[in-house]
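The values are calculated or read from the model by the stated rules, or taken from the named source; none is laboratory data. Worth saying up front: this structure is predicted, and the values here are computed from it rather than measured. Every residue, glycine among them, receives a Cβ derived from its backbone with ideal geometry; neighbour counts consider all protein chains shown. Keep in mind that these areas ignore ligands, DNA and RNA; they rest on the heavy atoms of the full protein, side chains included. Shrake-Rupley method; radii C 1.70, N 1.55, O 1.52, S 1.80 Å.
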Amino acid sequence: WGSVKVKGNILTQIHRDVIDAIFATASYTETTARGNIALFFSGYEVQEFLGRKSKTNNTWLKKKLDEIKTTNVEFTDKIGNTHDFNLTDSGGYSVKKDSFVIVFTEGYMNFFQKQVTVNYKNEMKKLMNVDDALIKAMIRFFFTHANGMSIELINLLEILGYPTHIPASLKKARRAVREHQKELEEFSITINLKKWVFIYKKLSSVTHNIPTNKKLSKTKG
């Protein structure tokens, strides 16, 4: 839908997993007068959702949250509209609610409202069990499509920013697809290994929200 520049930290599938886990396990949310969204969550529950061996490594979790906070995104769509924002601008711990809190910025929320958003909450837990970052990225790519589609492996890798010009990397990607073929099929993604073509049949559990001009309802917080 456009081009993206990321400044600061390189965000990975791990960071996406953390954000998904926060949305999936948040115990309380607030919309501030500025339009920011604050989510309160348990560090233990987030790490449990992620399937981590240690459920109490809040140092690791805080590091990932800090990496997200210090990353800036500049998005330009095909007609020239631009959005420049950090995803989050603050966070911490609420003694009153006995929870961590992360605050998504006004800029990000304004961007979020104007883009097609994908709801794959019902597939999140299963997605967390996928142990390969590339395969996760592929699955999330297919989730963004409201209809079924087919695409060649090389084109998919290029869209994901994968180094297809390096023979060893391309070989590694093909091996990952072969090893996770059954897992891909669980998400309605099949692969023709002779032609290296993916076929995705949209999951009914994945929904797409079309943006409107309406703003989020604002409450004091």
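Would you calculate the separation in nanometres between label points at Thr117 and Tyr44, each defined as 7 Å from the Cα along the Cα-to-beta-carbon direction?
About 2.9 nm separates the two model spin labels.
Given the pairs Lys7/Lys172; Lys171/Lys194; Lys136/Lys172; Lys55/Lys182, which are separated by over 19 angstrom at their Cα positions?
On the way: Lys7/Lys172 28 Å; Lys171/Lys194 15 Å; Lys136/Lys172 15 Å; Lys55/Lys182 28 Å.
Over 19 Å Cα-Cα: Lys7/Lys172; Lys55/Lys182.
Counting only protein heavy atoms and using a 1.4 Å probe, what share of the accessible area of the chain belongs to carbon plus sulfur, as a whole percent?
Working: 6720 of 13000 Å².
Carbon plus sulfur share of accessible area: 52 percent.
For region 121-160, with only Lys/Arg (+1) and Asp/Glu (-1) charged at the beta-carbon, what is the dipole magnitude about the Cα centre, in debye rounded to 20? Let's see the in-between values first.
Working: 5 positive and 5 negative charges, 61 e Å.
Rounded to the nearest 20 debye, it is 300 debye.
Treat region 115-175 as a sphere of radius equal to its Kirkwood radius over Cα pairs and apply Stokes-Einstein at 37 °C in a medium of 0.692 mPa s; give the translational diffusion coefficient in µm²/s, rounded to a whole number.
Diffusion coefficient, whole number: 254 µm²/s.
Compute the distance in nm between two label points, each set 7 Å from the Cα along the Cα-to-Cβ direction, one at Glu74 and one at Arg178.
With each label placed 7 Å out from Cα toward Cβ, I get 4.2 nm.
Using a 7 Å offset from the Cα along the Cα-to-Cβ direction at both Lys62 and Asn209, what is the distance between the two label points in nm, to one decimal?
3.1 nm
Which value, in debye to the nearest 20, gives the size of the charge dipole of the chain about its Cα centre, when Lys and Arg are +1 and Asp and Glu are -1 at the Cβ? Walk me through the numbers on the way to the answer.
Details: 34 positive and 22 negative charges, 30 e Å.
Result for the chain is approximately 140 debye, rounded to the nearest 20.
Given a 1.4 Å probe, how much area per residue of the chain is accessible, in Å²? Present the calculation step by step, with values, prior to reporting the outcome.
Details: 13000 Å² over 221 residues.
That works out to 59 Å² per residue.
Please compute the net charge surrounding Ser188, taking Lys and Arg as +1 and Asp and Glu as -1 over other residues with Cβ under 9 Å from its Cβ. The partial results should precede the final answer.
Details: positive: Lys201, Lys202; negative: Glu185, Glu186.
So the surrounding residues net to 0.
For every helix of n ≥ 4 consecutive DSSP H residues, a contribution of -39,500 (n - 2.57) applies; sum these over the chain, divide by its total residues, and give [θ] at 222 nm rounded to the nearest 500 deg cm²/dmol.
Numbers: 9 runs with 85 residues, N = 221.
It comes out at -11000 deg cm²/dmol, rounded to the nearest 500.
What is the angle, in °, between the Cα long axis of helix 133-143 and the longest principal axis of the Cα atoms in the chain? Nearest 10 is fine, range 0 to 90.
Between helix and principal axis, roughly 80 degrees.
Name the residue farthest towards the positive end of the dipole of region 75-216 from the options His83, Ser204, Leu160, assuming +1 on Cβ of Lys and Arg, -1 on Cβ of Asp and Glu, about the Cα centre.
Of the candidates, Ser204 comes out farthest on the positive side.
Hey, what did the chain get for relative contact order, percent, Cα under 8 Å, at least 6 apart?
Working: 324 pairs, mean separation 50.4, N = 221.
In percent, rounded to a whole number, it is 23.
For the chain, take N as its residue count and report Rg(C-alpha) divided by 2.2 N^0.38 Å.
Details: Rg = 18.4 Å, N = 221, 2.2 N^0.38 = 17.1 Å.
Compared with the compact-globule rule of thumb, the chain sits at 1.08.
Rounded to the nearest 20 Debye, what is the dipole magnitude of region 85-202 about its Cα centre when Lys and Arg each give +1 and Asp and Glu each give -1 at the C-beta? Present the calculation step by step, with values, prior to reporting the outcome.
Numbers: 18 positive and 12 negative charges, 73 e Å.
Dipole about the Cα centre, nearest 20: 340 debye.
Based on the mean of other beta carbon atoms within 10 Å per residue, what is the order of 176-182, 146-152, 101-107, most packed first?
Values: 176-182: 14.4, 146-152: 12.7, 101-107: 19.6.
Going from most to least packed, we get 101-107, 176-182, 146-152.
If the chain between Trp196 and Asn110 were fully stretched, how many nm would it gain, using 0.36 nm times the residue separation less the Cα-Cα distance? Intermediate results must be reported in sequence, preceding the final value.
Working: separation 86, 0.36 × 86 = 30.96 nm, distance 3.84 nm.
The span from Trp196 to Asn110 would gain 27.1 nm if fully extended.
Could you work out how far helix 13-25 tilts from the main Cα principal axis of the chain, as a 0 to 90 degree angle to the nearest 10?
50 degrees
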